[in-house]
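Visitor: Have a look at this one before I ask anything.
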Amino acid sequence: MNLEPLLDALGLQENAARARTDDLRARIAELQSRLAEAETHVEHLAITRKTVTALADRLPAQAASPDLPEHPDYPRVLAVFNETTGPLRARDVCEALDHELLPKNIEGTRAKLKRLVKLDVLTEVTAGSFARKQ
């Protein structure tokens, strides 16, 4: 009995099966790598949520300034005043917000500070010097 054709056919099937398993192993390795990246991302998001939640306690209560304009700088400006004990000038607030110290930025910040005075959130201690209302 000649087993040669049968063994050749088995060899071809075995080679194909090996190639398929090698391909699957490569795909599994790539998926494991992507899974590890996704798990790391989830961990970072959890840490961020924990940090933001902890910092939220430091922010002024929203009820304290319900009429605050919707510009994103206003909460940041108030956060600067929450971190300081004395009065600040517009230039100091610009520095704290990492704005470039250009006249247009300082004047824009001064206008925001004046608006916060009108809203009774800040007080102008002396001309150009602002503090959080007690």
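Visitor: Quick one: with all protein chains in place, what share of the accessible area of the chain is carbon or sulfur, to the nearest percent (1.4 Å probe)?
Guide: That fraction is 56 percent.
Visitor: Just subtract the alpha-carbon distance of ARG25 and LEU12 from 0.36 nm times their residue separation and send over the number in nm, one decimal.
Guide: Taking 0.36 nm per residue and subtracting the Cα distance, the gain is 2.7 nm.
Visitor: Which value, in debye to the nearest 20, gives the size of the charge dipole of the chain about its Cα centre, when Lys and Arg are +1 and Asp and Glu are -1 at the Cβ?
Guide: 960
Visitor: With the crude spin-label approximation of a point 7 Å out along Cα→Cβ, what separation in nm comes out for ARG89 versus GLU70?
Guide: The two pseudo-label positions are separated by 3.5 nm.
Visitor: Quick one: order THR85, THR51 from most to least accessible surface, probe 1.4 Å.
Guide: Of THR85, THR51, the descending order of accessible area is THR85, THR51.
Visitor: Specify the residue with the greatest mean-square fluctuation among ASN105, ASN15, ASN82, computed from a Gaussian network of the chain linking alpha-carbon atoms under 10 Å apart.
Guide: Between ASN105, ASN15, ASN82, it is ASN15 that shows the largest mean-square fluctuation.
Visitor: Going by amide H atoms built from the backbone, whose H comes under 5 Å of the H on LEU68, apart from near neighbours?
Guide: Result for LEU68 returns nothing.
Visitor: So with the 1.4 Å probe, I'd like the accessible area per residue for the chain, rounded to whole Å².
Guide: That works out to 77 Å² per residue.
Visitor: For the chain, set up a GNM with springs between Cα atoms under 10 Å and report which of ASP120, ASP98, ASP23 has the largest fluctuation.
Guide: Of ASP120, ASP98, ASP23, the most mobile in the Gaussian network model is ASP23.
Visitor: Counting alpha carbon pairs within less than 8 Å and at least 6 residues apart, what relative contact order, in whole percent, applies to the chain?
Guide: In percent, rounded to a whole number, it is 17.
Visitor: Between the helical axis of 4-56 and the dominant principal axis of the chain, each derived from Cα atoms, what acute angle in degrees is found, rounded to the nearest 10?
Guide: 10
Visitor: Checking the cross-link filter: which lysines have an alpha carbon closer than 23 Å to that of LYS133, excluding same-chain neighbours under 8 positions apart?
Guide: Correct list for LYS133: LYS112, LYS114, LYS118.
Visitor: Here is a follow-up. Calculate one ³J(HN,Hα) per residue across segment 122-128 by plugging θ = phi - 60° into the Karplus curve 6.51 cos²θ - 1.76 cosθ + 1.60, and present them in order as whole Hz with x for glycine and proline.
Guide: Ordered by residue, 3J(HN,Hα) equals 10, 10, 9, 5, 9, 3, x Hz.
Visitor: Next question. For the chain, what is the mean residue ellipticity at 222 nm derived from helices alone (per DSSP H run of n ≥ 4: -39500 (n - 2.57); sum divided by total residues; nearest 500 deg cm²/dmol)?
Guide: Rounded to the nearest 500, it is -22500 deg cm²/dmol.
Visitor: Among (1) 14.8, 43; (2) 13.7, 39; (3) 31.9, 111, which one is Rg and Dmax of the Cα atoms in Å computed from these coordinates?
Guide: Derived directly from the coordinates: (3).
Visitor: Follow-up. Taking the Cα-to-Cβ direction at ALA111 and at GLN134 and moving 7 Å from each Cα, how far apart do the two end points lie in nm?
Guide: 3.2
The values are calculated or read from the model by the stated rules, or taken from the named source; none is laboratory data. Small disclaimer: the values here were computed from a predicted structure and weren't measured. Every residue, glycine as well, gets a Cβ built from its backbone with ideal geometry; the counts of neighbours run over all protein chains shown. Side chains are part of the model used for accessible areas, which takes the heavy atoms of the whole protein and leaves out ligands, DNA and RNA. Shrake-Rupley method; radii C 1.70, N 1.55, O 1.52, S 1.80 Å.
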